[in-house]
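Quick notes on the structure that follows.
The values are calculated or read from the model by the stated rules, or taken from the named source; none is laboratory data. What you see is a predicted model, and the numbers here were worked out from it, not measured in a lab. Neighbour counts run over all protein chains shown; Cβ positions are idealised from the backbone, glycine included.
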Amino acid sequence: MRDVLIDWKARFGDRPLGDHAAMNAGMDGDTTMPAPGVLEGDETVTAVVNAGRWIAECPFCAGAEYVNFDSPVFFCCNCRNQEAGNRPIPVALPTDTVRVQVAAYLCVRPRENRNWMPDETVADLRAENKRAGLRLA
């Protein structure tokens, strides 16, 4: 069992977003690169944990991408953010404190049960772990 949640850095290291987009063609082989800048306005995506991975789900298609906490922008390699003019979208991140606490409670679970949504509190995770007989390491 892994004792960390996988994010962009753990999966891809310091790979820049443009390099990642160039390496991963989208629907029908689309290789449109991210447009300059970041989409402004109300459109954001939210970091969640799914099966032990910090991801953000695409608001335009069924895609998802790993979250880069050092550069919190989202570009879907599947649909290429076409509905946003191919511009990356800001990612709403949990605070560093919440992120560390979420990881602590999830990392004692089997990977398939390492899930978190922002509407869940750390107390919720603690209670779920207690019901399952799981203790922090």
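Residues in region 22-75 that are of a type in the set (Gly, Ala, Ser), without any contact (Cβ under 8 Å) to a residue 40 or more places away in the chain and assigned to a loop (DSSP other than H, G, I, E, B): Gly41, Ala62, Gly63. Of everything listed in (1) at pLDDT 95 or above; (2) more than 17 Å from the chain's Cα centre (by Cα), the single unmet condition for Asp28 is (1).
Listed by first and then second residue, the pairs linking a residue in region 119-133 that is hydrophobic (A, V, I, L, M, F, W, C) to a residue that is modelled with pLDDT of 95 or more, with Cβ atoms under 6 Å apart and 6 or more places separating them unless they lie on different chains, are Val122/Gln101; Leu125/Tyr105. Does Asp119 meet the test of being under 20 Å from Cys58 (Cα atoms) and among the acidic types (Asp, Glu)? It is true that Asp119 is under 20 Å from Cys58 (Cα atoms) and among the acidic types (Asp, Glu).
Quick one: in region 108-137, which of the residues that are in a loop (DSSP other than H, G, I, E, B) and under 16 Å from Val4 (Cβ atoms) is modelled with the lowest pLDDT? Break it down into steps so the answer makes sense when it comes.
Initial filter on region 108-137 (in a loop (DSSP other than H, G, I, E, B)): 108-110, 114-115, 117-121, 132-137.
From what's left, under 16 Å from Val4 (Cβ atoms): 108-110, 114-115, 136-137.
On the way: Val108: 94, Arg109: 93, Pro110: 90, Arg114: 96, Asn115: 97, Leu136: 84, Ala137: 69.
The residue in question is Ala137.
Is it the case, given these coordinates, that Glu65 is acidic (Asp, Glu) and touching a Gly at 6+ places or on another chain (Cβ under 9 Å)? Considered against the rule, which asks whether it is acidic (Asp, Glu) and touching a Gly at 6+ places or on another chain (Cβ under 9 Å), Glu65 comes out as no. Pairs linking a residue in region 76-93 that is surrounded by 21 or more Cβ atoms within 10 Å (Cβ to Cβ) to a residue that is basic (Lys, Arg), with Cβ atoms under 6 Å and 6 or more positions apart or on different chains, do not occur.
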